[in-house]
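S.K.: Okay, here's the structure, questions in a sec.
The values are calculated or read from the model by the stated rules, or taken from the named source; none is laboratory data. Just so we're clear, the structure is a prediction, and the values are computed from it rather than from any experiment. Here the Cβ positions follow ideal geometry from the backbone for every residue, glycine too, while neighbour counts run over all protein chains shown. Areas reflect the complete protein model, heavy atoms only, side chains present, ligands, DNA and RNA absent. Shrake-Rupley method; radii C 1.70, N 1.55, O 1.52, S 1.80 Å.
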Amino acid sequence: MDENLQSLKDAEREAADNEMVNAAYDQLLASYLSSPHRKKVDIINKAFNFARQAHKGVRRLSGEPYIMHPISVALIASAEMGLGSTSICSALLHDVVEDTDYTVEDIETIFGSKVAQIVDGLTKISGGIFGDQASAQAENFKKLLLTMSDDIRVILIKICDRLHNMRTLSSQPANKQYKIAGETLYIYAPLANRLGLNKIKNELENLSFSYEHPMEYESIRTKLANTEEKRNILFAQFTAPIRAALDKMGMRYEIRARVKTPYSIWSKMQNKHVTFDEIYDILAVRIIFTPESRETEIDECFKIYVAINKLYKSHPDRVRDWANHPKANGYQALHVTLMSQTGQWIEVQIRSERMNEIAEQGFAAHWKYKEGEVGEDTELNDWLHTIKEILDDPQPDAMDFLDTIKLNLFASEIFVFTPKGEIRTMPSGCTALDFAFQIHTFVGSHCIGAKVNHKLVPLSHRLQSGDQVEILTSKAQHVNPSWVNFATTAKAKGKIQALLRQQMREVQKHGEDTLKAFLEQHDMEMSTSTVNRLCSIHDIKKPDQLFHAIGNKTIILGDKDIDELLGRKSDKKGWLKYVPFLGTTGRQEDTPPSDEEETTPRLIVVGKDFNRKKPFYVDDDNLSRLIFASCCHPIPGDDALGYIDNKNHIELHRRECSVANRLKSSFGNRIIDVKWNTHRRTQFDATIQLGGIDRIGLLNEVTGVLSQQLNMNIQKITITTKDGVFEGMIELKVYDRKDIKVIIEALKNIKDLEEIKEIK
C-alpha cells in the first residue's frame, strides 16, 4: 500500500515537473519567435530535448528540475539580451559537459563547432593555469575570457547564467551566498557594465547588495517607497514645462523618471559619508525621442538641450556629451544637470530610441543597428584585443590577474589627442605612461617623458580630457620597476610586469650560470641539494630568488660558501648579503620564542571536520584566537565574513571590504559565514574624523559629548585649524558598531560640526 502511495506521489510530481518545464520552454520559444532573428526553431528544439534528457532526474537545491536553470538562462539571453538561436542553444546546453558524461566532442558532432566552442568556454576546467595552489575561480574566469576573445557570446551567456543564479540564490547556504554575491560585484557587474548591459548590471548589483547587507538593503528600499510620492510630485512639476516646449517643437518623445538603485544609493552613502536624506540625485529625468532620421539624431539631442536650457539654469560643470563621443561600451546620450523650481539639481538624460536601446541592451543592440556580424564592432574589438594582450601574458598570481582584468572593466573614460589630432579613448585617471603603452609596447618600454599641450611633463603626469599628448622615447631607456606604481591601465601594468619578469629571468639565468661556474671551480656539482643548502645558508626560500640575488650581485659567492657547503666552521657574520624582497625571516629558526609569544593565545586552526556551510559564531572566548583584518578593522555588529587562510586560521573581514571582495572572487571555497555573539566585554579601536567651522569652545563641546554624555574612553585627539576651518581625528575605544552610530548621531547635534565620519 505504501509503495503504491509513493508511486502515485512520484507520478504526480513528475507530471507537475513536466508541466512546469513545458510552460517555461513555451515562454522561451515565444520570446524567440517575437524577435527579429531568423526562426531556427528546429535546432532550439533539438538542444532543449538533448539537455532535458541529459539532466533528467537531477534537481537544484531549490527542489525544481535542473533543466529549469538552462531554460531560464536561455530566456534571459533571448528576452533581455536579444540574442539569437546559437546563443539560445548554447545556453540550453551550457551545463551538459560539466554535469553529465557528454563531452565537447559530442556537442560538436550534434550541434556544430560554434555551439561546441561556446559551451566549452562556459564549462569549468580542471587542472591549473596559475599552478596547484592557485584559485580555481580565477582559472575558470581566465578560460572564459580566452574563449570570449574569439566569441563575445561566451561572456554574454555567462552573465545570463550569473543573473539567474543570483535570482535563485536564496536556496544556497550563507557562505555560498557571500562568495557568489562578492564575485558578482567584483567581476560580473563591471563586465555587464563594460558591455553596456545597464539594466542587468543594476540588477546584479542590487541582488548582491541584498545578500551581503540585507538590513541596509531593506532600509533603503523602505525609504525609497516612503519618498515615492514626493518624487512623483517633483517629477510632474519639473517635466510639465519641458513637455510643453517639446510639444511646441513637434517632437515625438517620452519622458521617464529614473530612480537611483538601492546599491548605488548605498555606495554613495558609504563613499561620501552622507545619509539617505542628503543624496540629492536620487531622481533623474530621461527624455527618449524619435528622431527624423539616424543622421539627425545628435543634432536633435542638442535642439532639446537648447530648449530645456531656456527653461532652467544648467550646471556649467555637469554637461556630458556622450552623443558625439560615445563611451567605450557604446553608450550614447547627452546629459545636463538643471536647477529645478524647488532648488534641487536634477540630471536630464537626452537619448534617441536607438541610444536608449543600446543603453539597456548594450552590444546586443549595437549589432542589431549595425546589421552586421559580431566581429564588425571596432570598439568591442579594441577592448577584446586588450583582454587578449592580458591573457597572452598571464599573471602568476590569481589575485593579480583578476585585479589586472578589473582595471580594464571599471574605468570611466576621457578623450586624449595625439600630436596629429587623432582622438584616443583612455581610462579616467590615466598617466602619460599609460598613453605610451596604449600607442605601442615599444613606445611604452622606451619612453623617457611626454609633452602634454606642448609642455614637458614626467611619465607619472595624470592626463585630462582634451589633452594633446606627445611621447618622447630613447632606445637607451628600459622598463623601470617604479613604473608599476603609477601605471593605471591594465595594458600598461600587464606589459610592464611582463617586461620586468623577462628582465628578472635574464638576471636569474646569469645568476644560475655564475653559480654553476663557481661550483665547478671548486670541483662541485650544481645539484638540487647543493642549491637548497645555499638557500638555507642565505635565508632564502626559493632557488629562483637565490639565482636572482647572485645575478644582480646582492649575494657575492666566496670561500665561506664552500666552507658551509662542506660543513667546515665559518663565521657567517658580516658576509651574508641579501635584500628584503628575497624573503628573509629576520630571525634564525633556532631562536627561542619570547615570553610574549608563549603567552599569546594560539589562533584557531580549522580542521577537516569543520562545517563551512554553517555559521561560525564569534564570541568573547574565541575573539583573541581570530585574525581581525587590518584592511577594514571589523568590529561586532558589522556585516562580516570569515576567510580561512593558507595556515587554516580564520581571518575576519567586513563584507564590503575591497580585500574581502577579491578573496570572494578568487577563493570562494574558503569563505565562511560569521555571526557575532559578543557581550560587550572587549573594546575595539575606532577613529572618527571631524570637520567644520572653527569657534571657541567647539572642542570642549565635542569632548563633553564623548566623555560626559556617552562615557566614552578617548585615546587621542588631534585638531588642526586654518582660515576658520578645522579638521580633527578622535581615536577612542568602542564595544561594537552601535557605539559608533550613537557617537556620530550625538556629534551631529553640535553646532558648526559639518562633517563626521568613521575612518575604516
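S.K.: K248: which lysines have alpha carbons under 23 Å from its alpha carbon, excluding same-chain residues fewer than 8 sequence positions away?
M.R.: Filter leaves K303, K310, K313.
S.K.: Using modelled amide H (1.01 Å from N, peptide plane; none on Pro or chain starts), what sits under 5 Å from the amide H of Y735, excluding residues fewer than 5 places away?
M.R.: The list, which skips near neighbours in sequence, is F684.
S.K.: Name the residues whose placed amide hydrogens come within less than 5 Å of the amide hydrogen of S340, ignoring near sequence neighbours (fewer than 5 apart) on the same chain.
M.R.: W345, I346
S.K.: Here's something else I'd like to know. Which ³J(HN,Hα) values, rounded to whole Hz and listed in residue order, are derived for segment 551-557 from phi using the Karplus coefficients 6.51, -1.76 and 1.60 in 6.51 cos²θ - 1.76 cosθ + 1.60 with θ = phi - 60°, glycine and proline given as x?
M.R.: 3J(HN,Hα) across segment 551-557, in whole Hz: x, 9, 6, 7, 10, 9, 6.
S.K.: Can you work out the accessible area per residue across segment 1-125, with the rest of the protein chains kept in place, probe 1.4 Å, in square angstrom?
M.R.: I get 52 Å² per residue for segment 1-125.
S.K.: By per-residue mean of other Cβ atoms within 10 Å, what is the highest-first order of 194-204, 414-424?
M.R.: Highest to lowest by the protection proxy: 194-204, 414-424.
S.K.: What residues have an amide H closer than 5 Å to that of S352, excluding those fewer than 5 places away on the same chain, when H is modeled at 1.01 Å from N in the peptide plane?
M.R.: F289
S.K.: A further question on this structure: Calculated FRET efficiency, S474 and T720, Cβ-Cβ r, R0 35 Å, to nearest 0.05? Please report the intermediate quantities before stating the final value.
M.R.: Working: r = 44 Å, r/R0 = 1.27.
My answer for the efficiency is 0.20.
S.K.: Determine how large the accessible area of E216 is when every protein chain is in place; take a 1.4 Å probe and give Å² rounded to the nearest 10.
M.R.: 70
S.K.: Within the set K40/K179; K201/K495; K46/K613, which residue pairs have Cα atoms separated by over 32 Å? Can you show the working numbers first?
M.R.: Numbers: K40/K179 38 Å; K201/K495 30 Å; K46/K613 38 Å.
In this structure, K40/K179; K46/K613 exceed 32 Å between Cα atoms.
S.K.: While we're here: Of the listed peptides 345-356, 548-559, what is their order by residue-averaged count of other C-beta atoms within 10 Å, with the highest listed first?
M.R.: 345-356, 548-559
S.K.: Another one. Work the Kirkwood hydrodynamic radius out for segment 205-324: mean of 1/r over every pair of different alpha-carbon atoms, inverted, in Å.
M.R.: 16.7
S.K.: For segment 409-529, what is the convex hull volume of its Cα atoms per residue in Å³?
M.R.: That works out to 124 Å³ per residue.
S.K.: For D539 and L566, what is the calculated FRET efficiency with R₀ set at 22 Å and r taken between the beta-carbons, to the nearest 0.05?
M.R.: According to the calculation, E is roughly 0.65.
S.K.: On to the next question. Quickly rank 221-231, 98-108 as a protection proxy: mean count of other C-beta atoms within 10 Å, highest first.
M.R.: Numbers: 221-231: 12.5, 98-108: 14.8.
With the highest mean Cβ count within 10 Å placed first, the list reads 98-108, 221-231.
S.K.: If you take the alpha carbon radius of gyration of segment 147-210 and divide it by 2.2 N^0.38 Å, what ratio comes out, to two decimals?
M.R.: The reported ratio for this selection is 1.09.
S.K.: Please give the direction-averaged projected area of the C-alpha convex hull for segment 688-760, in square nanometres with one decimal.
M.R.: Averaged projected area of segment 688-760's Cα convex hull equals 4.5 nm².
S.K.: To continue, here is another question. Considering only protein heavy atoms, what is the solvent-accessible area of T528 at a probe of 1.4 Å, reported in Å² to the nearest 10?
M.R.: Looks like 100 Å² after rounding.
S.K.: Tell me, what HN-Hα J-couplings in whole Hz come from the Karplus equation 6.51 cos²θ - 1.76 cosθ + 1.60 at θ = phi - 60° for each residue of segment 30-39, using x for Gly and Pro?
M.R.: Once rounded to whole Hz, the list reads 4, 5, 5, 5, 8, 8, x, 5, 4, 8.
S.K.: Would you please give the FRET efficiency between S529 and S624, computed as 1/(1 + (r/R0)^6) with r the Cβ-Cβ distance and R0 = 45 Å, to the nearest 0.05?
M.R.: The pair S529/S624 has a calculated efficiency of 0.60.
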